[in-house]
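To keep things clear, I will list the structure first and then write my remarks on it.
The values are calculated or read from the model by the stated rules, or taken from the named source; none is laboratory data. Please read these numbers as outputs of a predicted model, since none were measured by experiment. Note that we place each Cβ from the backbone using ideal geometry, even for glycine, and neighbour counts take in every protein chain shown. Ligands, DNA and RNA are excluded from the accessible area calculation, which covers all protein heavy atoms including side chains. Shrake-Rupley method; radii C 1.70, N 1.55, O 1.52, S 1.80 Å.
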Amino acid sequence: SISDHYGLTHGLLNQAYFFGVPAMGYYDGPAGGAGLLAQTLNYNFGVELDNYLVVSMAAFTKGVDAIGGIDVYLENPVYSDEDLGSFSAGWHHLDGAHALHLARIRTGYNSLIRISNQDAILEGIYAKLKSPEIILKIPELIQVMQKTVLTDLSPQQINSLYCLAQKMDSDDLAFAEIPWEYYVSSWRYFDYMHQDINYFEIDFNVIRSYVEVFQNGTWP
């Protein structure tokens, strides 16, 4: 287990995927990084996951380009001093590179704002996948996914999910966040990273309660 290596029992949530990658030599369970992340989410918060889909930044960029770009609405402007560009409030049509830039901007903002921007991007992708014009772009999208995406979904399952998405109304897909007031910004020194890291403290029982009602289909 991870705890057997240097006594590592606590860390940043997204590091679970990193430590689960086979090349790291810490985890020999199923699905590599995705498998360890799934186990971590289940152990800490009771999240039940059936399948995984891992999309690299390169795959994300190519995938958005393959569907002809996406339309994204921003309630507030987003600015970057990291050569990632700036985005005014309102509608934007983004190609893969610019969608990735928007998803990555965090300097000057907290992670919760970045997550909100990423939700807007996911909404744009969902809307594009439901549009009639996407039919002609499916072959290119499948080709991109086969080469750059890691998943345990079979081609039949992917096809079924696409057919299901076409039958869903826009209101059938909801994006929700645990209220921001539960998050408390804090700093902690992480031995394995050899530095102080800014992170959010939140009562795990609060997260578990939201996860439970979500999995019961009653939230949001």
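Tabulated results
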| read-out | value |
| --- | --- |
| Residue in segment 65-77 that is without any contact (Cβ under 8 Å) to a residue 60 or more places away in the chain, open to solvent by less than 30 Å² (accessible area, probe 1.4 Å) and either touching a Cys at 6+ places or on another chain (Cβ under 8 Å) or farther than 30 Å from VAL206 by Cβ (or both) present | yes |
| Unmet criterion (only one of (1) under 26 Å from ILE125 (Cβ atoms); (2) surrounded by 17 or more Cβ atoms within 10 Å (Cβ to Cβ); (3) touching a strand residue (DSSP E or B) at 6+ places or on another chain (Cβ under 9 Å)) for GLY11 | (1) |
| Those residues of segment 24-43 which are of a type outside the set (S, T, N, Q), open to solvent by 40 Å² or more (accessible area, probe 1.4 Å) and over 19 Å from VAL55 (Cβ atoms), in sequence order | MET24, GLY25, TYR26, ASP28, PRO30, TYR43 |
| Residue list for segment 195-220, filter: touching a residue at least 40 places away in the same chain (Cβ under 8 Å), not aromatic (Phe, Trp, Tyr) and not in a strand (DSSP E or B) | ILE207, ARG208, VAL211, GLU212, GLN215, PRO220 |
| Checking SER80 against (1) of a type outside the set (D, E, K, R); (2) open to solvent by 60 Å² or more (accessible area, probe 1.4 Å); (3) more than 30 Å from ILE138 (Cβ to Cβ), the condition it does not meet | (2) |
| Every residue from segment 128-147 that is surrounded by 12 or more Cβ atoms within 10 Å (Cβ to Cβ) and either part of a helix (DSSP H, G or I) or at positive phi (or both) | LYS128, LEU129, LYS130, ILE134, LYS137, ILE138, GLU140, LEU141, ILE142, GLN143, VAL144, MET145 |
| Qualifying residue in segment 203-218 (condition: at pLDDT below 90, of a type outside the set (Phe, Trp, Tyr) and either in contact with a helix residue (DSSP H, G or I) (Cβ under 9 Å, 6 or more places away or on another chain) or open to solvent by 90 Å² or more (accessible area, probe 1.4 Å) (or both)) | yes |
| Selected residue [part of a helix (DSSP H, G or I), open to solvent by 50 Å² or more (accessible area, probe 1.4 Å) and hydrophobic (A, V, I, L, M, F, W, C)] from LEU122, LEU102, LEU112 | LEU122 |
| Pair list, Cβ < 6 Å and 6+ apart or interchain, from segment 6-21 residues that are over 14 Å from ASN198 (Cα atoms) to residues that are in a helix (DSSP H, G or I) and of a type in the set (A, V, I, L, M, F, W, C) | LEU8/ILE2; ALA16/LEU36; ALA16/LEU37; TYR17/LEU37; PHE19/ILE2; GLY20/LEU36 |
| Any chance ASP171 is at pLDDT 90 or above, of a type outside the set (Ser, Thr, Tyr) and open to solvent by 40 Å² or more (accessible area, probe 1.4 Å) | no |
| Flag if VAL55 is in contact with a Leu (Cβ under 7 Å, 6 or more places away or on another chain) and surrounded by 13 or more Cβ atoms within 10 Å (Cβ to Cβ) | no |
| Every residue from segment 174-194 that is over 20 Å from the mean Cα position of the chain (by Cα), exposed (fewer than 10 other Cβ atoms within 10 Å of the Cβ) and assigned to a loop (DSSP other than H, G, I, E, B) | HIS194 |
| Leading residue by the ranking (farthest from TYR52 (Cα to Cα)) among those in segment 147-167 that are among the β-branched types (Val, Ile, Thr) and in contact (Cβ under 8 Å) with a residue 60 or more places away in the chain | THR148 |
